[in-house]
Amino acid sequence: MDSWEFLREPASHLAIFLSTAVMQTGLPESRMPKGFSLEDFNFSKVYKCIHQVGQKAMCDVTRRMYLHSCVNSTGETVSVREYSKKVSCLSSTRQKTAFSKTVQPLPDKNIMEQEFDISFAYKLMTTVCCNIYNELDSNCQQNIANLKSLRNKISHKYLSNHLDITAEIDNLKKVLKEIYIGVGDTLQEDFTGNIEIMEKTLSDIYDAQIRQDDMITYEEDVKAFKMDRTLKLIAYGCKELKTLYGKLTVLNPCTWLSHDSSKTSLRKFQVDKIFTPLKIEDSDRKISISELLQASTRIDGEEKIPCALILYGLAGSGKTSLCRYILNNWCGIAEKIINTIENFDLVFLVEVRTVKSKTLTEYLTQQRLPKTHNEQFKDSFEIIPLLQELDILFVIDGFDEAGDEAKNIVEEIFAKFSNKRIILTTCPEYHTDAVLLSNRYDVDCLSIEVCGFDYVGLKEFTIKVFTAVEENEMNREIQIGEFLKYIRGRGKVLGSHLKLPLTLALLIYLWRDNPDILNRVTTATNLYCELFKLCQEKLEERLHAGLLTGAVQNVVLFLGKQAWFMLQLNNTRICISEDIKKKIIEKCEYEKIDDVEFMSAFLMCEIDENNEATESTYAFLHKTQMEYLAAGFLANTVIGGETLDSICNNTTEWWKYREVIVFLTGHLAINHILERNIGPLFTLIKKSETGIGNYNFWWKILTEALHHRKVADIIARELPLRRWELNDTHVVTGLQLLSNTPVDLQELKIEMPSNVEPYDIPELLDTMTNLRDKLRNRYDKNNPILVELHFWRHNEYNTKLSDDFIRTLRPWGHLTTFTGSLGNQKKGKEVLSYCFKLKIICVRIMTLEALRSLGNSLSRIYKSVNLLRVTLALPVYNCAPEKLSNLQISGDLEVTVPDIKDEDKEWLKGCVRQICGGKGCRHITLPNSQLTFSGIMWLLSALRDKGCEKLTIATVTDLSYPEMMMLKRKEKETCIEINWIH
């Protein structure tokens, strides 16, 4: 093995350190070198351990990997760049990506003679020597990654008091030893000597103390240490960013409350005190906030963590709050909940609406790190190359708000940091654009929907808001209980609006001001009307002196006009431009209203902490507020004499403004002018190209119309005539329309995918239960709706039972197809025993009692059943085959039995014989099977002449070619088709 010859070089920094740092007693802090403290000395020990001893270890193992015959670098004569071209066939572009400007000209040097740092060593390992690196065990690879991160992570502790030298150096010893051992095992080389020298050197550095002589040499060493560009960028940049992020709060949507000393007074919300985890999910799973940065997806056939996360959701669903919570976690302000957030050297928030720079370099040096740049770096162009060497995270908030300059900066981030982590938030309308941006720069991405609150989050957020606004604990507990009771009762009518954190906060303020008002709220328009009426009243109380009658209302209508203009100009932008802000100020001056007071009452205000002018940026709470105000403006023009037809004809692309139409319906109803405008309203709806299957939209229209009979009649004609198909996204609204419109429905299909628990869908079971009374005199056993129920989660997993949902169908619905699970029911009260039109059953059975209940039901309805597919999720150890019930049907029987092992094959044979009787079982499926080849062959022989036509086996067992041939012969011998899924 190579010896550590650099220790004997007189010019070596480590040699200087060791020769000047040993003495019998430590130097008093008062006699330290100028500009140098005891903390500096302690930190420099750890710094030198990582940057020099750690670097030497990485150089050792990397050179050995480079010289290995598998790499074929032909000894010391081939440079990295030449090797990359001729052997690895890396293109110039890939070389440029792998080796940035900060490591030039190392790729052209002979690395057997040239010193190089840990980052360059890591790149050599993972690119040039990747065939060997991939053979290293996971522990070794993890320790190499840990060493690479330690190089930068230690910089965070330079300005910190939380440095445990003993723990840091002991950890480094362990990491370096594991790297030597792991690489040695793979290359079959002995690094014992290197390990011994490494451990002794680290111990010597740990034991070193400051000498009283040779101060000049030491001060020069310290000066060089403090001039490290990477260290400066991390240490000073981290401090500046954390100072900035510490000022960010979850915005209080009612700043006017802070001026009021009454019961509704509210202090500023802090992120760590008020943030509540949101419901976030990708296409098929819920993701916890803690696992956000660890969420994986399939990339090129492998499960990987993508570089980019695209968080999309409605305005007001909590995306900005989530971004700020991420920042607070990184800063250590909030309790560390997000896993791995501490691994990032720097985190950059890019608030798209506040971007004023033309380039990414300008943005980073002027809007995010102005102090670090001005005091520590002369050349702004070195910032990006340095950042490319670090572990960084970009949090881009509000992609849908991007103007031309902001778009350029976002593009630069994806282009120059394609291998770093990026979180980007946007509204659903711009989700596809965000994915295309990611694809354009070959950045792997995962899309995650931010859904606002589920009930658990709603309850937690409610408690936190009440904690912020009510100091008396006893009063607070009473108020929380009463408010949540309202939400579970009459508040259900507000539906999805309660998922929006800002709207929920406003609702709490309104409830505390006057609980009786909310009892009168029955529509979303009614809700926002009361919310902003409260804002208006509070504003008028403060501005009562010299205020003209109706002045505030006039400006509110003007604000609605601007909202309508903005929606038509850019359907997703909620941030108010300077031009519109100027117009609002002029309107306030005309009505003699203080513009700051008005905008603070109805809009969100944010101040850019890095902007010396401290000008306020105003934005609507969310797009829903804009749509409500715009609809109010349009309704007012109708009241003023303009026809709804002319409004309809003056605007195109009404499909973009469906929610405006919903609120317009509400405004027309509240102002008692809906009756004469029903015809023009539905002309407008027709222009919005709303599909007949958009049950959510039609239910909103009917609700906002206060269930007007004529509106209900027209909607009934617009809905599908004969058959409805409802899924988890609109099943409740579809059933509400069935209850409240005179539709003549014949068939109804309700299907829930396997990632949705039917019991978790708000109001579903209650709505289905209420259909018995709602549909009385319309549908009964003599005139039923033919119903298909598919609860795939109940059928595929051992979760809840479907019994309760089936019971709700009597007497209005006759079940024809069922997918789900069944439990134990009283004899004579079985949920399927009266389903005489049931033709297809796919059911999961988890107990003997449930199987007995199914058998009892089939004894009554077996003539109608064409197919029974039963999954036996029974415990083998206490379910003797002879105890199982026989299942009698006139059609085909298929049996699925999961998790079968060789020792269960006799049990399986008995179960099939007992359940199927003499009729036999057409198809047997064995998912997640652990049967061996011999077990499968035995089972085929046992099932011969038992009526089995097909056997499907999903297994991890890999058969050899001879075994496959034997299985084919067995297939012909037994006449059982084998479907082998590996």
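The values are calculated or read from the model by the stated rules, or taken from the named source; none is laboratory data. No experiment lies behind these values; they were computed from the predicted model shown. In this analysis, Cβ positions are derived from the backbone assuming ideal geometry, glycine residues included, and neighbour counts consider all displayed protein chains. Areas reflect the complete protein model, heavy atoms only, side chains present, ligands, DNA and RNA absent. Shrake-Rupley method; radii C 1.70, N 1.55, O 1.52, S 1.80 Å.
At-a-glance table
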read-out	value
Cα gyration tensor shape of region 110-153, rounded if a/c is under 1.5, else prolate or oblate by comparing a/b with b/c	oblate
Prolate/oblate/rounded call for region 924-982, Cα gyration tensor, a/c under 1.5 rounded	oblate
Length released on extending from GLN553 to TYR441, taking residue separation times 0.36 nm less the Cα-Cα span	35.4 nm
Residue-level accessible surface for TRP938, protein heavy atoms, 1.4 Å, Å²	80 Å²
Region 765-871: C-alpha gyration tensor shape, a/c 1.5 cut-off, then a/b vs b/c	prolate
Total formal charge among the other residues, if their Cβ is under 12 angstrom from that of LEU702, Lys/Arg +1 and Asp/Glu -1	0
Heavy-atom accessible surface of region 639-710: percent carbon and sulfur, 1.4 Å	53 percent
Distance from region 432-505 to region 848-924 (C-alpha centre basis), Å	45 Å
For region 715-755 versus region 312-376, the gap between their alpha-carbon centres in whole angstrom	44 Å
Residue-by-residue Karplus 3J(HN,Hα) for region 372-388, coefficients 6.51, -1.76, 1.60, Hz, glycine and proline x	4, 5, 5, 8, 10, 10, 8, 9, 5, 6, 8, 4, 5, x, 5, 5, 5
Of all DSSP beta bridges in region 883-982, antiparallel share, percent nearest 5	0 percent
Peptides ranked, highest mean first, by Cβ atoms within 10 Å: ranges 887-895, 825-833	887-895, 825-833
Accessible area, probe 1.4 Å, largest first, for residues ARG717, ARG852	ARG717, ARG852
Under 10 Å, Cβ to Cβ, from GLU830 - net charge with Lys/Arg +1 and Asp/Glu -1	+4
Net charge, LEU854 excluded, C-beta distance under 15 Å - Lys, Arg +1, Asp, Glu -1	+4
Per-residue SASA entry for LEU801, accessible area with 1.4 Å probe, Å² rounded to 10	60 Å²
Between region 125-156 and region 673-703, the Cα center-to-center distance that results, in Å	60 Å
Where HIS982, HIS672 fall by accessible area, highest first, once all protein chains stay in place (1.4 Å)	HIS672, HIS982
Region 858-929, Rg to Rh (Cα coordinates; Rh as Kirkwood inverse mean 1/r)	0.97
Where PHE453, PHE565 fall by accessible area, highest first, once all protein chains stay in place (1.4 Å)	PHE565, PHE453
